[in-house]
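Everything on this sheet refers to the single structure shown next.
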Amino acid sequence: MSDFLKLSRDGDVAIVTIDNPPVNALSFHVRAPLMQALGALRDDASVAAIVIACAGRTFVAGADITEFGKPMQQPELRAIVAVLEAIAKPTVAAIHGTALGGGLELALGCHFRVADVGAKLGLPEVKLGLLPGGGGTARLPRLVGALKALRMIGSGTPIGADEAHAVGLVDAVFAGDLATHAVNFAREIARKGGPFTPVRDRNDLLGETELAAFDAEAADLARKARGLEAPVACAQAVRNAVTLPFDQALAAERALFVKLVASNQSRAQRHLFFAEREAAKLPGKDVIKRRIASVGVIGAGTMGGGIAMAFANGGFPVILLETSQEALRRGLATIEKNYAVSVTRGSLSEDAKRQRLAQFKGSTDYADLADCDLIVEAAFEDMAVKKEIFGKLDAVAKPGAILATNTSYLDIDEIAASTSRSRDVLGLHFFSPANVMKLLEIVRAEKTAPDALVTSVDLARRIGKVAVVVGVCHGFVGNRMLAARGAESEALLLEGATPSQVDKAFTDFGWPMGPFQMGDLAGLDIGWRNRKARGLTAAIADTLCEQGRFGQKTGRGFYLYENGSRTPVPDPEVEALIRAKAVEKGVAQRAIGAEEIIERTLYPLVNEGAKILEEKIAARASDIDVVWVNGYGFPVGKGGPMFWAGLEGAARIVERLEHWYRQTGKDVFKPAPLLRRMAETGSWETDATGG
Ligand code: 3HC
């Protein structure tokens, strides 16, 4: 019938097969023939039942996200679902892979849903800054109840086929040949005869909704949304399903969808969806990946242990190497404790914990790493230490093994030069806690072989990380920009802002926490040690450290933490110290607004990002956004610093930076040529041809 839609028959059952690789998105070229096919099958008296299925790896994974923000071509999904729902003969969605977003909404337009045992079903629109716009908020509560619908739609997290069956979303789960099972199911239903009630008319569960409990959960969702509009809209729409007649709820859902799809937040989140996928693409598609079956990790401290867990969670056997049995025992005990916490929280079964722990083998002998395909060094951040380790690895590792360092700052070219195989050396910069944080900066050294790089990107995906390939410089992309962000923090304090004012400006912007709270959490002594090593000073932070105020771990830092509490309490002593330092340095204090706090810290961050692009340390502006959202908590609704710069206006950023540069002469304020170009062209491309 079309390249994207096939019609077939099995006796009196008609099968509509959508075939729009890779994920069967409901693009215009699918919607048009689908609408036509449904109309024809509805009117065909020889058809007793209709099955909607998909070719390839998955059922429809949603609307076509690339079409958002453009004029919508008719027919829309809503119209298709309306036609589908009005068909008098039984309709069955046969779901394999993932039925997501518009895909699940299409399935909700059917009388019945059957699923492969491995299928997943969900409405993840909220992750794109949207709510389901094809009737999902009005129909899902009618099958699973309002509270379950709120949890599914508000989180965007899909559920498995068995759970979907248990909660009433699917009518049967099958293992094996789904198409045959679906056809048999449809035939049997048709034989039994109707009436077949469309989902829109199934109102029984709605009456059971306790609105007070619903509202309490919706309020919790809104609080956790930290300024994101979509979760709030999702909750409102599900509530409408309970309190309004179906057609009114549908109309209200539509109005909310239209508003959200045009919002900057949704634009930002859609940008991030594609940015994450783009970041994983490297030039040289034909490069053959190396085989990685086993992993070695050197160092069983916080980073090494977390990295080892990340690989074990991804199914890799891990050899954990330490310098002494005692250090090894401590490291393995921490890993066991971390898994035990997951069991207590209910996110891991006792059985899964046992399996994960069985992946680990401890050693104090480098010779045990001889069979590893990848070895990640996570030892002390010191060039001499790292060079010594890489020298040893050079002697024992098998040919072709990838040798990675987890350094945060050090020159990987220099580390690579300490081996006879610099083609195999690269950086794998994990973020703490490494088993949890999504970001992995993969650092391409000067001589890193393309296949080592491609293998690492693939490996990152296999262990559930979001990978970004970056070049060698001090701090790579993330930490280098973090330093630029932090450069003005102290100056703001001296000029009159308090730590809590700065942190509040950050959390109001959407960050999970501000820089001073973050410093207290990480430990102020870390930065202090770093500064001393590099001959740098920070008047306030250094003094706090000299007083033994290292942050949460000592109960005092920029804030007070009383009786082991993690809640920061402003400390008048710190505020007095700041005032005294201002007097000492002759800085006049004044009131500083939230807007200035954000601009003074984030404009230099963007500026540093532009320099990083100019130097080709990052390949694309969107890669930088992926780093900041996944590694540093940049608010998703703002799309990452480089996307946000576009919203903010690069011309304004240049103008403010120039102003501060004239005032202070500080390098962080000197606008990068690429930022100036962005102000003129609106693009971060590093040359006129878009290369
Ligand atoms: N629209 C357009 N392109 C899509 C897409 C979609 N809904 N979903 C995936 N793609 C593209 C990806 O961009 C990628 O393209 P590329 O190869 O050119 O980079 C390709 O399909 C493969 O995607 P993944 O790399 O993500 O493949 P995986 O196998 O890892 O994951 C998936 C598959 C779980 C389906 C994942 O792609 C996914 O989560 N997709 C988005 C699902 C979603 O958000 N659906 C809701 C859309 S909004 C909606 O439906 C609105 C409605 O309510 C009106």
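Please give the charge dipole size of the range 314-409, origin at the Cα centre, charges +1 on K and R Cβ atoms and -1 on D and E Cβ atoms. Round to the nearest 20 debye.
Once rounded to the nearest 20, the dipole reads 340 debye.
Could you list, in their original order, any pairs among K70/K670; K289/K616; K447/K611 whose Cα atoms are separated by more than 32 Å?
Listed pairs above 32 Å: K70/K670.
Rounded to the nearest 0.05, what FRET efficiency do R330 and D394 have when you use their Cβ-Cβ distance and R0 = 25 Å? List each step's numbers first, then the result.
Details: r = 28 Å, r/R0 = 1.11.
About 0.35, to the nearest 0.05.
Which length gain, in nm to one decimal place, applies between R277 and K6 when the Cα-Cα distance is subtracted from 0.36 nm times their residue separation?
Extra length available between R277 and K6 comes to 94.6 nm.
How long is the gain from R354 to E67 if the chain were fully straight, where each residue apart is worth 0.36 nm and the alpha carbon distance is subtracted?
That pair, R354 and E67, stretches by 98.7 nm at full extension.
Assuming R0 = 25 Å, can you tell me the calculated FRET efficiency for the pair A212 and T157, based on Cβ-Cβ distance, to the nearest 0.05?
0.55
Considering only C-alpha atoms, what is the centroid distance from the range 528-594 to the range 279-301, in Å?
Here the two parts' Cα centres lie 41 Å apart.
If each DSSP helix of 4+ residues adds -39,500 (n - 2.57) and the sum is divided by the residues in the chain, what number results at 222 nm, nearest 500 deg cm²/dmol?
-15000 deg cm²/dmol
Using per-residue counts of other Cβ atoms within 10 Å, averaged over each peptide, order 622-633, 524-535 from highest down.
So the peptides 622-633, 524-535, ranked by packing, come out 622-633, 524-535.
Taking the alpha-carbon distance from K89 and a cut-off under 25 Å, which lysines remain once sequence neighbours fewer than 8 residues away in the same chain are dropped?
Leaving aside lysines fewer than 8 places away in the same chain, those within reach of K89 are K6, K192.
In nanometres, what is the gap between the two model label sites at A576 and A594, each 7 Å from Cα along Cα-to-Cβ?
Rounded to a tenth, the inter-label distance reads 3.0 nm.
Starting from the Kirkwood Rh over alpha-carbon pairs, what translational D in µm² s⁻¹ does the chain have by Stokes-Einstein at 25 °C and 0.890 mPa s?
In µm²/s, the coefficient rounds to 88.
Would you please give the FRET efficiency between V587 and D413, computed as 1/(1 + (r/R0)^6) with r the Cβ-Cβ distance and R0 = 41 Å, to the nearest 0.05?
Taking R0 as 41 Å, the efficiency between V587 and D413 is 0.50.
Would you mind calculating the relative contact order of the chain from Cα pairs under 8 angstrom and at least 6 residues apart, reporting the percent as a whole number?
Relative CO of the chain lands at 9 percent.
Choose one of T681, A222, V457: the residue whose Cα lies farthest towards the positive end of the charge dipole of the chain (beta-carbon charges +1 Lys, Arg; -1 Asp, Glu; about the Cα centre).
Of T681, A222, V457, it is V457.
Kindly put T344, T58 in sequence by how many other C-beta atoms sit within 10 Å of each C-beta, fewest to most. Mind dumping the intermediate values first?
Working: T344 9, T58 21.
With the fewest neighbours first, T344, T58 line up as T344, T58.
What do you get when you divide the Cα radius of gyration of the range 142-275 by 2.2 N^0.38 Å, with N the number of residues?
In units of the globular-protein estimate, the range 142-275 measures up at 1.26.
In the range 295-474, with Lys and Arg counted as +1 and Asp and Glu as -1 at Cβ, which of these residues, A327, Y409, H474, has the Cα nearest the positive end of the dipole, that is, farthest along it?
Selected residue: A327.
About the Cα centre, and with charges only on the beta carbon of Lys, Arg (+1) and Asp, Glu (-1), how big is the dipole of the chain? Nearest 20 debye, please.
Dipole about the Cα centre, nearest 20: 200 debye.
For L647, L453, what's the fewest-to-most ordering of other Cβ within 10 Å of each Cβ?
Going from sparsest to densest Cβ surroundings: L647, L453.
List the DSSP H helices in the chain whose Cα atoms stretch 27 Å or more along the helix axis and whose mean Kyte-Doolittle hydropathy is at least -1.0.
Values: long enough: 325-345 (30 Å, -0.45); 594-614 (30 Å, -0.03).
Span-like helices here: 325-345, 594-614.
In nm, what is the difference between 0.36 nm times the number of residues separating D365 and F196 and their Cα-Cα distance? Each step should come with its number before you reach the end.
Values: separation 169, 0.36 × 169 = 60.84 nm, distance 6.85 nm.
Answer, rounded to one decimal: 54.0 nm.
What ranking, highest mean first, results for peptides 458-470, 386-398 when packing means the other Cβ atoms within 10 Å averaged over each residue?
Working: 458-470: 21.0, 386-398: 17.9.
With the highest mean Cβ count within 10 Å placed first, the list reads 458-470, 386-398.
Can you sort M303, M309, M1, M437 so the residue with the fewest Cβ neighbours within 10 Å comes first?
Least crowded to most crowded, the residues run M1, M437, M303, M309.
Using a 10 Å cut-off on Cβ atoms, rank the peptides 25-36, 332-343 from the highest mean neighbour count down.
Ranked by mean Cβ neighbours within 10 Å, highest first: 25-36, 332-343.
With N residues in the range 5-262, what two-decimal value do you get for its Cα radius of gyration over 2.2 N^0.38 Å?
So the range 5-262 has a normalised radius of gyration of 0.95.
Explain nothing, just the number: relative contact order of the range 126-248, from Cα pairs under 8 Å at least 6 residues apart, as a whole percent.
Contact order relative to length: 45 percent.
If you take the charge dipole of the range 237-297 about its Cα centre, with +1 on Lys and Arg Cβ and -1 on Asp and Glu Cβ, which of A268, G296, A280 is farthest toward its positive end?
G296
Given an 8 Å cut-off on Cα distances and at least 6 residues of separation, report the relative contact order of the range 594-681 as a percent.
On the way: 80 pairs, mean separation 27.1, N = 88.
Relative CO of the range 594-681 lands at 31 percent.
Throughout, read-outs are computed from the coordinates displayed, never taken from laboratory work. Bear in mind that the values here come from a model prediction, so they are computed numbers and not experimental data. Positions of Cβ are generated from backbone atoms using ideal geometry, with glycine treated the same way; all protein chains shown enter the neighbour counts.
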